[in-house]
Structures are given as C-alpha cells and as structure tokens.
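Every number in this text was worked out from the coordinates using simple rules, so none of it is lab data. Source: prediction; values computed, not measured. Cβ coordinates were reconstructed from backbone atoms using ideal geometry, including for glycine residues, and neighbour counts include every protein chain displayed.
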Amino acid sequence: MKLQEIKNIDIANKKVFIRCDFNVPVDECQNITDDRRIKSALNTIRYCIDNDCAVIIASHFGRPKNGFEDKFSLKPIAKRLHTLLKQDIKLAPNVICEETIEMASKLQSGEIMLLENMRFEIGETKNDPILSKTLASLADVFINDAFGVSHRAHASVEGIANHFDINHKAAGFLLAKEIKFFYHIVEEPKRPFVSIVGGSKVSGKLEALYNLVPKVDKIIIGGGMAFTFLKALGYEIGNSLVEEELIPEALKIMDEAKNLGVKFYLPIDVVVAETFDAESVAKETTIQEIPKDWIGLDIGSASSLLFSTALQGANTILWNGPMGVYEMDKFAKGSIKLSHAVASSFATTVVGGGDTADLVRRTGDEEDMTFISTGGGASLELMEGKILPGVKALIIEE
Ligand code: AMP
C-alpha cells in the first residue's frame, strides 16, 4: 500500500484544506484540558504556511445535535491555535454559508482560516455529497491529517477526497506517520511479535483477534475479556464480565492459535472484588478459586510476572487494552506493571487505543514507548486489518 503524502505533492502557493482532529477535552468552562491533538497537527499546518499556502482548517468537536451551538463552537480551539502558532486565526461564522465562502475565496497565502465545527452540518456524518463537493470547492488541495476520525466515512474526511486527483490530495504528517508505522509493524514485524489485547469485552476486539492471530508469535489476553476465554475453558468466573454467546468464538480463536503454533496466554490469577467499586473488599486468587459472586477486576501478580516473562526476547510488541479496571487504583496494578514491562523491553513497542494511551501516560512510560497511536477507534480498525475510509482515497494505485 503506497500512501500519497504531503511532502510528495506540490502545494506551494496553493489554497489548502486541512482536515484535522481537534476534538479535544474541555472542562465545564470550555477550557481545553489537553491540547495534544492540536499540537500534533502543527507540523502539517506550519509546513503549509512555510510553502506560502492559504490554509483552511476543518475539524469536528463534541457531538452537537441541532446545527450551531455556542458550546460546541471552535472558538477556544481558534484561540489555542493562535497561541501556539503566534499568528492570526480567522474563525468562520459557520461551516458553509455565503460569508464563509467569501472568506475562503479572499484568503491570502500565509493566512489561516478555521471553519466552524464540521458537525454543525448534519450532512457531515452522513457523508453528504453536496456538502463534500462544496467543501472541496473552497481549496486546490486536500490534506487529511485527522487520524482519529479517518475510520469514519464523513463528508470532510472521505467524501471531500473524491473531488481531488491524486496529485492534489495527500495524508498530512500525522496521518502518514500513524498509517506507515502501523502497516510496517503488522505486515513486516521483527519477530518474535507479541500482541497484548485487553479491555472490557471480547466483542469489541473480536475482529482484531481474528486478524492478529495468524500474524503474531504470541498473544496475551487480559482485562474483562479474559473471563470469556476462561469460562470457555471451564473455569468458574463468579460475577466477572462474560459474553456467553461468544464462548464458541473464544474456543475457535484458541483453537486457531494452537493450530498455527501461536502461544496463547491467559491470566493465571486475578484480583477479585465483592462489588464493582473502588472501595470494595478485594483479594488475589488463582483462576481455579474465583469465589462465586465475586468479580474479577484485574490480573493478579503471578499473571503480571507470567506476561512480563512472555515479553522477554520480543522484538515487536503491539498493545491495545488495559489488563483491568485501571481507572480505580485498587485494580490498576496489573496494567501498571505491564506498562513498565513493555516500556523496558528492547522491542519496537506500539500502543493503540485511547485507554491504553492514557494509561501509559499515567505510568510515566510514554517516552519509553516507540509509538503511541493518537486514535482509539481508528487504531482498533487498523488492528482489524481494515483500510480506513479516510485513507483509502489517498492510496496511490500501482
Ligand atoms: P475497551 O474500551 O474495550 O478497550 O475497554 C477499556 C475498559 O475496560 C476500561 O475502562 C477498563 O475499566 C475496562 N476493564 C478492564 N478490565 C475489566 C474487567 N476485568 N472488568 C470490567 N471492565 C474491565
């Protein structure tokens, strides 16, 4: 797969439409509490400004329901962009209206204009062809740098790209890095290749498991999803999370791993609690002795040791999903220990998924990971082996 990249097309002096993902968290007073998503788009924006482009930026933000709503306006984002770039940001009054179109047509090279929240237009999430055509008409070149939303066929992500030929559209630096890293890791891994899959449910990761099992040397399962596998093997799992209807799938995955010679690791002990809350009485137990009515909320210390040992000698590690309810300190130890083990390995380490990325930041292991993916849903779809709709239109046909 060859992706068209911004550095390989001629953008000098052009009017460029950049789709970014500025869907940042804000507090009740609309203060941005984490501006990493804005910062990670700066490379592409600066590159366009350095190439004398007139830059039109678009993003979504939150989930507005009925057109323009002040609390979903991109005003705070325009302010933060201004602070970071130290230049004027012209905020459009809406997404598409007469004034916006006029602003875009008058935009000069070196200037930046920010369209209002894409989701103020109901056609955005419906991939409305008229909306995507109108957005495309604002610019000469389309750049997608919104990895976090590239798994969505939305008008400003997918539809718009169809109005540009391959020399006038490309992936921005952030999107290109995410995609190239991921394909390189999964399609040409340095072996042994170990994948760690955790999180709440098997259903959410089923396709990823089917895609990964034939590609990896070892697979490690933790989190709530481990209990469906343990139940499939006949263990009593108390009141732990289980998807009974997926027991046949769990058996099928374990069978496939066995047939392919893939080493399949499940927890051998767990932390169980009487109730699902941070103050509950908790204890560690082997998987053979999970008490009836108790809930498994983390992997135990023997499993942490087992998983760390399984990681030794790995050359590639791909991790998505926590080992337990890491949001509660009592059930975070398994995830924290695994984070340290992954970070201290000599492998190329790729962390995907919003929760796992959040976890490795909290454990202070961020700097020691090779790559942390910025998109939750998008990185999961890559693990599932899918070509993201927002990326498909940027592939160079060979
Ligand atoms: P996911 O979105 O599927 O990656 O799952 C992440 C969520 O799984 C986190 O919010 C964790 O709290 C939750 N989780 C992890 N382990 C368990 C468990 N044993 N029981 C219930 N939820 C869990």
* For region 181-383, projected area of the alpha-carbon convex hull averaged over all directions, nm² -> 9.9 nm²
* Could you go through region 242-253 in sequence order and give the Karplus-derived ³J(HN,Hα) for each residue, using 6.51 cos²θ - 1.76 cosθ + 1.60 with θ = phi - 60°, rounded to whole Hz, and x for Gly and Pro? => 8, 10, 3, 5, 9, 4, x, 5, 4, 5, 4, 5
* Do you know the relative contact order of the chain, to the nearest whole percent, from alpha carbon pairs under 8 angstrom that are 6+ apart? -> 16 percent
* Asked: DSSP beta bridges in the chain, what fraction antiparallel, as a percent rounded to 5?
  -> 20 percent
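Using a Förster distance of 30 Å, how high is the FRET efficiency between Lys7 and Ser203, based on the Cβ-Cβ distance and rounded to 0.05? If you can, show how the numbers build up before the last one.
Working: r = 40 Å, r/R0 = 1.32.
Given R0 = 30 Å and the Cβ-Cβ separation, E is 0.15.
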* Stretch gain in nm, segment Ser344-Glu367, where the contour uses 0.36 nm per residue and the Cα spacing is subtracted -> 7.2 nm
* Distant-in-sequence amide H partners of Thr275 (H built 1.01 Å from N, under 5 Å) -> Val281
* To do: For Ala54, enumerate residues with amide H under 5 Å from its amide H, sequence gap 5+ or separate chain, H modeled in the peptide plane.
  => Lys14, Lys15, Val16, Gly110
* **Taking Glu244, Glu398, Glu111, Glu124 and counting other C-beta atoms within 10 Å, the order from fewest to most** => Glu398, Glu244, Glu111, Glu124
* Ranked highest first by average number of other Cβ atoms within 10 Å, how do 230-236, 294-300 line up? -> 294-300, 230-236
* For the residue pair Lys133 and Glu397, what label-to-label distance in nm results when each label sits 7 Å from Cα along the Cα-to-beta-carbon direction? -> 2.2 nm
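Looking at region 6-174, send over the antiparallel percent of its DSSP beta bridges, to the nearest 5. Each step should come with its number before you reach the end.
Numbers: 1 of 19 bridges.
Taking every DSSP beta bridge within region 6-174, about 5 percent pair in antiparallel fashion.
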* **Antiparallel DSSP beta bridges within region 181-383, as percent of all bridges there, nearest 5** => 30 percent
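Order by neighbour count: Glu243, Glu69, fewest other Cβ atoms within 10 Å first, most last. Write out the running numbers ahead of the final one.
Values: Glu243 19, Glu69 13.
Final ranking by Cβ density, sparse to dense: Glu69, Glu243.
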* Nearest 0.05, what FRET efficiency do Tyr183 and Val281 give at R0 = 51 Å with Cβ-Cβ as r? -> 0.65
* Label-point separation in nm, Lys75 to Lys106, each point 7 Å along Cα→Cβ -> 2.2 nm
* **FRET efficiency for Ala153 and Leu305, using Cβ-Cβ distance with R0 set to 56 Å, rounded to 0.05** => 0.80
* To do: Over the Cα atoms of the chain, compute the convex hull volume and normalise it per residue, giving Å³.
  => 149 Å³
* Given Cα pairs under 8 Å that are at least 6 residues apart, what percent is the relative contact order of region 6-174? -> 30 percent
* Structure fact -> Taking max minus min of the Cα coordinates of region 6-174 on each principal axis, largest first, gives extents in Å of 43, 35, 31
* To do: With springs connecting C-alpha atoms under 10 Å apart, model the chain as a Gaussian network and identify which of Thr125, Thr286, Thr33 has the largest mean-square fluctuation.
  => Thr33
* **For the chain, calculated [θ]222 nm from helices alone, where every DSSP H run of n ≥ 4 adds -39500 (n - 2.57)** => -9500 deg cm²/dmol
* Å³ per residue enclosed by the Cα convex hull of region 169-215 -> 115 Å³
